[in-house]
């Protein structure tokens, strides 16, 4: 079983903001697969799932707000008894240029408060990440990440979402390392 977490914030005002990139990826994937989200009270998340080629895949959108994402991830890990290395977190990365995608694992939070919360709650960095570039930063980071995608950014958005879906397919059907080798070369920063 794999757990794929998309990071974001639950309120309507945060829809289509850069900080909700993880949610956008999972919402578009769920839409393509015609999946329905349901509330999971134990983890304070929205969940859906599907049967992958090799195993069951759970998609989760924490409703805890970005900076408390670790609460939901820890609750999901315990509820489903999923090892940390079977968790994949998708989130925005201000240090990567917009449109660039990086696949990594077992690294620091890099200043991302949602990822920092996950590391603190899991007491481990041993989870996988798909980092979606939103840079270059303009103004204060806290303000920049909460702005909606510009009209110029939106032109590329569907392509980025589709590429992220392909990356997830490779991660799930082949291996994380294979996907990282393949896609990190394609999207140099």
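Brief remarks on what is shown
- From 134, 118, 87, residue being within 14 Å of residue 19 (Cα to Cα) and modelled with pLDDT of 95 or more: 134
- Pairs with Cβ under 6 Å, 6+ apart, first in the stretch 167-183 and without any contact (Cβ under 8 Å) to a residue 60 or more places away in the chain, second outside any loop (DSSP other than H, G, I, E, B) and surrounded by 14 or more Cβ atoms within 10 Å (Cβ to Cβ): 170/179
- The residues of the stretch 171-184 that are touching a helix residue (DSSP H, G or I) at 6+ places or on another chain (Cβ under 6 Å) and under 16 Å from residue 85 (Cα atoms), listed by number, are 171, 179.
- Residues of the stretch 1-14 that turn out to be free of Cβ contacts under 8 Å to residues at least 40 places away in the same chain and either crowded, with 24+ Cβ neighbours inside 10 Å or in a loop (DSSP other than H, G, I, E, B) (or both), as a count: 1
- Within the stretch 32-66, the set of residues being surrounded by fewer than 14 Cβ atoms within 10 Å (Cβ to Cβ) and either touching a residue at least 40 places away in the same chain (Cβ under 8 Å) or within 14 Å of the chain's Cα centre (by Cα) (or both) comprises 32, 53, 54, 55, 56.
- The sole residue among 123, 140 that is at pLDDT 95 or above, more than 13 Å from the chain's Cα centre (by Cα) and loosely packed, with under 13 Cβ neighbours inside 10 Å is 123.
The values are calculated or read from the model by the stated rules, or taken from the named source; none is laboratory data. Computed from a predicted structure; not experimentally measured. Every residue, glycine as well, gets a Cβ built from its backbone with ideal geometry; the counts of neighbours run over all protein chains shown.
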